[in-house]
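Take a look at the structure below.
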Amino acid sequence: MSKPACQLYIGGSWVHSASGATFEALDPATGDPIAVLQKGNAADIDRAVAAANEAFHAYRATSVLERAALCERVADAMASRRDELARVLSLDQGKPLHAEAYAEVDTAVDGFRSAAAHVKHLGGETIPVADPNKRVFTRREPRGVYAVITPWNFPINIPTEYIAPALATGNTVVWVPAPTTSYCAVALAEVFEEAGVPAGVVNLVTGEGAVVGDAAVAHTGTHAVGFTGSTATGRTIAARAAGKPLLLELGGNGPTIVFADADLKQAAAAIAGGAFFNAGQTCAATEVVFAERGVQDEFAQLLSEEAERIRLGDPADPATTMGPLNNPMVAAKMDRHVADAREGGARVLAGGGRAPGRGSDLFYEPTVLTEVRPDAVLVREESFGPIAPVVPFDSHEQVLSWVNAAQFGLVGSVWTRGAGLGIRTAEAMRTGIVNINESSTYWEIHVPFGGGSGTGSGIGRLGGMHTLLEMTELKTVTLDLSRC
């Protein structure tokens, strides 16, 4: 069967890469090629940046209501292509079609509708001043051309988190998606074209991140940068984009604290969801659980029982609840992290390695380990796979010191029946979000999401009005009535 031949989307046209080079999209569940994509280079970024700048002058002048209506049209077009987008998403990324892919598409539809609604309330203020003849007010204006670099774990919804607010606020976009899910990006760009997004307002360049992503970030014609991905890459981007406004959502490992008074069954069920959703490939995933020593064994057993309920298999099968990892690098990291924990004395209660007998070696068993040392790599780094290591702790002060010593500060979770203990712990954790008696992965699209200051988890906030504020700049205007 012939594979779809995809192109770049620049200036409202589908075009080949300047070099003519291509690469294949692979199904992570089978390893089979599913599409041929263009391998863009710096020359393609030049074309995309030029198109975005040309479009910006007219697009920024459109009214708020026009831009809100455009976002609604994109949402409608996405909804009409729901089956197609979910199928491509499952095929390209590896997540289960019925358990996860459809829900991601629906969330992205809501993301465009949310941007359309919130932008109508994006206003400035009138500022009182000493001179009675002066009038001073502020307004929000688009920043210009945004370089948007998106990852492979949520290749429909995470682009929406940047592109929908960009469209709503009058920015234009040069978009570089992750190579391993660029087939999804082409499908989404087709939606933009169908919805009537003006030529040059959103431009898609596929290729290697170190080539096209770097070129977009460092280009003198891009004015701001949005990126979701690893802490290491985020630091590189921050250096390459020096002087530009940055919206960076970076790494995390979802530190979760289970106190002895918690409802352990509820905690185990929710934490399993946080650890194994999207095969653990989530920036907010529960990748380390600190359980009070007196309940560690009981909790770990309950968690392992939840892991054994996961149905690992073909993403297209309605019974599947977890698919393969997306790429070999993630699987290899899981292997290293589990081996390090076992060498440090950890016991495997569930899973522990790659699942045999599959079409691909990217299927990884839902894994629970107990008696994990606090200095294990699993605790200190981001594994990004379906693993729940349980670390015992003896005191409130001890567990907070471990949580706050980590290089990440994105999302944390606390489980306790004591409201006072929960609030005190949440206030002491250096994370941008703390969910009490809820999974670390709980989030809704209008809620502010981002890392704590001084951690490796990013700059700024995604979500609802907060993204619109990040993607606009404040302009102050003064008027002297006596001179009019």
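The values are calculated or read from the model by the stated rules, or taken from the named source; none is laboratory data. Because the structure is predicted, anything quoted here is derived from the model rather than measured. Heads up, the Cβs are rebuilt from the backbone with ideal geometry, glycines too, and the neighbour counts pull from every protein chain shown.
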Practice problem: May I ask you to say which residue of Ala428, Ala406, Ala388 is assigned by TED's automatic domain parsing to the domain that holds Thr321, at pLDDT 95 or above and either surrounded by fewer than 24 Cβ atoms within 10 Å (Cβ to Cβ) or within 25 Å of Ala238 (Cα to Cα) (or both)? | Solution: Ala428
Quiz item: Just a yes or no: is a residue in segment 436-447 without any contact (Cβ under 8 Å) to a residue 40 or more places away in the chain and over 30 Å from Ala68 (Cα atoms)?
Solution: yes
Self-check item: Residue in segment 269-279 that is under 22 Å from the mean Cα position of the chain (by Cα) and over 19 Å from Pro389 (Cβ atoms) present
Solution: no
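Out of the residues in segment 1-43 that are of a type in the set (Asp, Glu) and within 25 Å of the chain's Cα centre (by Cα), which is farthest from Ala355 (Cα to Cα)?
Residue satisfying both the conditions and the ranking: Glu24.
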Quiz item: So Leu167 clears everything in (1) over 25 Å from Arg60 (Cβ atoms); (2) in contact with a Cys (Cβ under 6 Å, 6 or more places away or on another chain) except one condition, right? Which one?
Solution: (1)
Quiz item: Among Gly213, Gly234, Gly251, Gly243, which is crowded, with 18+ Cβ neighbours inside 10 Å and part of a loop (DSSP other than H, G, I, E, B)?
Solution: Gly251
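Can you report the number of residues in segment 451-472 which are of a type in the set (Val, Ile, Thr) and within 15 Å of Gly234 (Cβ to Cβ)?
Total meeting the criteria: 2.
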Quiz prompt | Conditions (1) surrounded by fewer than 20 Cβ atoms within 10 Å (Cβ to Cβ); (2) closer than 19 Å to Phe277 by Cβ: number failed by Arg380 | solution = (2)
Exercise. Confirm whether Gly422 is of a type outside the set (A, V, I, L, M), surrounded by 15 or more Cβ atoms within 10 Å (Cβ to Cβ), in contact with a Pro (Cβ under 9 Å, 6 or more places away or on another chain) and at pLDDT 95 or above.
Key: no
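Of Ala339, Ala307, Ala332, which residue is part of a helix (DSSP H, G or I) and in contact (Cβ under 8 Å) with a residue 40 or more places away in the chain?
On the way: Ala339 fails: in contact (Cβ under 8 Å) with a residue 40 or more places away in the chain; Ala332 fails: in contact (Cβ under 8 Å) with a residue 40 or more places away in the chain.
None of the others qualify; the one that does is Ala307.
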Quiz item: Is there a residue being in contact with a Pro (Cβ under 7 Å, 6 or more places away or on another chain) and either in the same structural domain as Ile436 (by TED's automatic domain parsing) or of a type in the set (Val, Ile, Thr) (or both) anywhere in segment 212-230?
Solution: yes
Quiz item: Name the pairs: first residue in segment 116-129 and of a type outside the set (A, V, I, L, M), second residue assigned to a loop (DSSP other than H, G, I, E, B), Cβ to Cβ under 9 Å, at least 6 apart or on different chains?
Solution: His118/His446
Exercise. Please find, among Ala285, Ala279, Ala291, Ala275, the residue that is part of a strand (DSSP E or B), touching a Pro at 6+ places or on another chain (Cβ under 9 Å) and surrounded by 24 or more Cβ atoms within 10 Å (Cβ to Cβ).
Key: Ala291
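Would you check which residues across segment 48-68 are among the small types (Gly, Ala, Ser) and buried (at least 22 other Cβ atoms within 10 Å of the Cβ) and list them?
Hits for segment 48-68 are Ala48, Ala51, Ala52, Ala55.
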Quiz item: Do you know which of the residues in segment 100-121 that are buried (at least 18 other Cβ atoms within 10 Å of the Cβ) and over 18 Å from the mean Cα position of the chain (by Cα) is nearest to Asp317 (Cα to Cα)?
Solution: Arg113
